[in-house]
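Notes follow the structure.
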Amino acid sequence: MKPLRRIALLGFAAAVMVSIPARAADPSADEIVKRSLEAFYYAGSDMRAKVQMKLINPQGQIRQRDMTMLRLNPGKSGDQRYYIYFHGPADVKGTSFLVWKYPAKDSDRWIFIPTLRLVKRIAADDKRSSFVGSDFTYEDVSGRNLEDETHALARKEDLGGRPTYVIESKPKVVVDYSRRLSWIDRERWLPLKEEYFDARNEPQRTFVADKVEQKGKYWTVTARSMKNLQSAHRTEVVFQEVEYDVGLKQDIFTERYLRDAPSQWIR
């Protein structure tokens, strides 16, 4: 090959290589989980929603809970406030639940029991206990801390037509599960599925995002379910009338309003 022709070909090849954009590297597993927690638990400056929860036993019998959920991000520190008020049925009507969540330490949690006119503090080690008899834990409702687990990217795969990262997370201390697999949407960053495994590495619980909708600027899991694979009990939750950035104030998230629900927001 003549030298000039060889130089021309090499120059063309170099130009083609330069024109091909470098493929962006995948974010780290910690970054993926961090973005997922932000999308799932932190959308907007605040949030209000009506929530319907169905507890379904293995025989198909249903118990229903109707509630209002309020959530506030009071600043940029990662702190959050949650307030949940139960409208029904009669045996839980008037019960309210309050969480002060911190990114670097255990959350503070309280529950008001109207039949006793009692505000009870929920111990930090109860955060993985059942939330009002459901298959969700208190921690599932208000979220967990990124640093509570180690995270590794297991693989990438499609789930229901959505591209996802599959993340394996393992708790740093002994808890009720040994590891967790999460399918996280690579565009919207919401968790679409989670599988929990017990100490024998047997499937324990499965979370599914049954419906995802855009509410204002934010993609939101408006229907979700959790199934206990060992008891065959499951819980289905639907979020209705979801609103973000509605102007909630910090004084709502205090013991005063545990006992006396803020009627402006609880309706």
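A few comments on the model shown:
- Directionally averaged projected area (the chain, Cα convex hull): 19.5 nm².
- Highest mobility in the GNM of the chain, judged by mean-square fluctuation with C-alpha springs under 10 Å and restricted to ARG65, ARG200, ARG121, is found for ARG200.
- Long pairs among LYS54/LYS215; LYS76/LYS120; LYS50/LYS170, criterion Cα-Cα beyond 25 Å: LYS76/LYS120; LYS50/LYS170
- Normalised contact order of the chain, rounded percent, pairs of Cα under 8 Å and 6 or more residues apart: 19 percent
- Summing charges over all other residues whose Cβ lies under 12 Å from the Cβ of ASP46, with Lys and Arg as +1 and Asp and Glu as -1, gives +2.
- Relative exposure of ILE62, ILE184, judged by other C-beta atoms within 10 Å (fewest first): ILE62, ILE184
- Under the criterion of Cα pairs below 8 Å and six or more residues apart, the relative contact order for region 57-202 equals 10 percent.
- Order of ASP106, ASP158, ASP185, ASP66 under a 10 Å beta carbon neighbour criterion, fewest first: ASP158, ASP106, ASP66, ASP185
- Tilt relative to the chain, helix 3-19 - C-alpha long axis, 0 to 90 degrees, to 10: 10 degrees
- Each residue in THR220, THR254, THR137 was given a count of other beta-carbon atoms within 10 angstrom of its own, and listing them fewest first yields THR254, THR137, THR220.
- Candidates SER225, SER169, SER28, ranked by Gaussian network fluctuation over the chain, Cα under 10 Å, top entry: SER28
- Stretched out straight at 0.36 nm per residue, the stretch from GLN230 to LEU116 would grow longer than its current Cα-Cα span by 37.7 nm.
- Angle of helix 29-41 to the longest C-alpha principal axis of the chain, folded into 0 to 90 degrees and rounded to 10: 40°.
- Share of pairwise Cα-Cα distances greater than 23 Å in region 171-267 is 49 percent (whole percent).
- Structure-based [θ]222 nm, the chain - -39500 (n - 2.57) summed over DSSP H runs of at least 4, per residue, nearest 500: -4500 deg cm²/dmol
Bear in mind that the values in this text are calculations on the coordinates, not laboratory data. Everything quoted here is computed from the prediction, not taken from an experiment. A quick note on method: Cβ atoms are made from the backbone with ideal geometry, for glycine too, and the neighbour counts reach across all protein chains shown.
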